[in-house]
Amino acid sequence: MVKNGEFFVIRDMHDKGMSVSQIAREVGRDRKTVRKWLRESAPGIYKRGTYKPKKIDPYREYVLQRMSEGCVNATVIFDEISEMGYDGGMTQLRVFMKPHRQAVEEKATTRFETLPGEQAQVDW
């Protein structure tokens, strides 16, 4: 998309008598893009996308409640909300849950140190 400033630069160059090919080389755009913007009377207006409701929306509160209770397993929550009538997919649930998950603060294993000669370990 051509920005507003670029739109006015293109119009100004054309008013000064430059050809479409010269303008395209100067601004680094394709000739078809330059031609399209010369046909327009004003620069385009940016429109934000509207919010599209998702299938997970009616179950958000329940999912957050279950997560606050300590259940962060998406498969378990998926089974529970499916029984309640959720007909969406697992991916949509996981995408919703991801920013609400608490980061794991503990290590999965704890290192156990002994002095040399106190303990022997063998891996078969």
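The values are calculated or read from the model by the stated rules, or taken from the named source; none is laboratory data. Note that this is a predicted model, so its numbers are computed, not measured. All Cβ positions, even for glycine, are placed from backbone atoms using ideal geometry, and neighbour counts span all protein chains on display. Just the protein is used for accessible areas: all its heavy atoms, side chains included, with ligands, DNA and RNA removed. Shrake-Rupley method; radii C 1.70, N 1.55, O 1.52, S 1.80 Å.
Convex hull over the Cα atoms of the range 1-115, averaged projected area in nm²? Mind dumping the intermediate values first?
Details: hull surface 63.2 nm².
Average projection, Cα convex hull of the range 1-115: 15.8 nm².
Can you work out the base-10 log of I(q)/I(0) for the range 1-59 at q = 0.24, 0.25 1/Å, using the Debye formula on its C-alpha atoms alone?
After summing over all Cα pairs, the log10 values are -0.93, -1.00.
How much of the accessible area of the chain, probe 1.4 Å, is carbon plus sulfur, in whole percent?
Values: 5310 of 10470 Å².
With neighbouring chains kept in place, the figure for the chain is 51 percent.
Students sometimes get this wrong: rank 93, 115, 38 by accessible area, probe 1.4 Å, all chains present, largest first. Could the numbers behind the result be given before it?
Details: 93 0, 115 115, 38 30 Å².
Largest accessible area first, the residues go 115, 38, 93.
Figure the gain on full extension for residue 16 and residue 114 (residue separation times 0.36 nm, minus the Cα-Cα span) and round it to one decimal in nm. Intermediate results must be reported in sequence, preceding the final value.
Working: separation 98, 0.36 × 98 = 35.28 nm, distance 8.40 nm.
Answer, rounded to one decimal: 26.9 nm.
Say the dipole of the range 1-48 comes from +1 at the beta carbon of Lys and Arg and -1 at that of Asp and Glu; which of 13, 37, 27 then lies farthest toward its positive end?
37
In degrees between 0 and 90, to the nearest 10, how far off the longest principal axis of the chain does helix 4-15 point, with axes built from Cα atoms?
Helix 4-15 sits at roughly 20 degrees to that axis.
For the chain, set up a GNM with springs between Cα atoms under 10 Å and report which of 78, 96, 112 has the largest fluctuation.
112
In whole Å, how far is the Cα centre of the range 1-58 from that of the range 59-91?
Their Cα centres are 44 Å away from one another.
Quote to one decimal, in nm, the extra length available between residue 35 and residue 84 on full extension: 0.36 nm per residue of separation minus the C-alpha distance between them. Walk me through the numbers before you get to the answer.
Numbers: separation 49, 0.36 × 49 = 17.64 nm, distance 5.54 nm.
In short, 12.1 nm is gained.
Using only helices, what value at 222 nm comes out for the chain when you add -39,500 (n - 2.57) per DSSP H run of length 4 or more and divide by the total residues, to the nearest 500 deg cm²/dmol?
Numbers: 6 runs with 56 residues, N = 124.
When only DSSP H runs of four or more count, the value is -13000 deg cm²/dmol.
When we measure straight from the Cα of residue 47, which lysines land under 22 angstrom away, once same-chain ones fewer than 8 places off are left out?
Filter leaves 3, 36.
Treat each spin label as a single point 7 Å out from the Cα along the C-beta direction, and report the residue 26 to residue 61 distance in nm.
Roughly 6.1 nm, to one decimal.
Can you pull out the GluC sites (Glu not before Pro) in the range 8-89 that DSSP calls coil and that have at most 16 other Cβ atoms within 10 Å? The partial results should precede the final answer.
Details: sites: 26, 40, 61, 69, 80, 83; in loops: 40, 69.
Passing sites in the range 8-89 are 40, 69.
Return one number: the angle in degrees, 0 to 90 and rounded to the nearest 10, between the long axis of the Cα atoms of helix 74-83 and the longest principal axis of the Cα atoms of the chain.
Once rounded, one gets 80 degrees.
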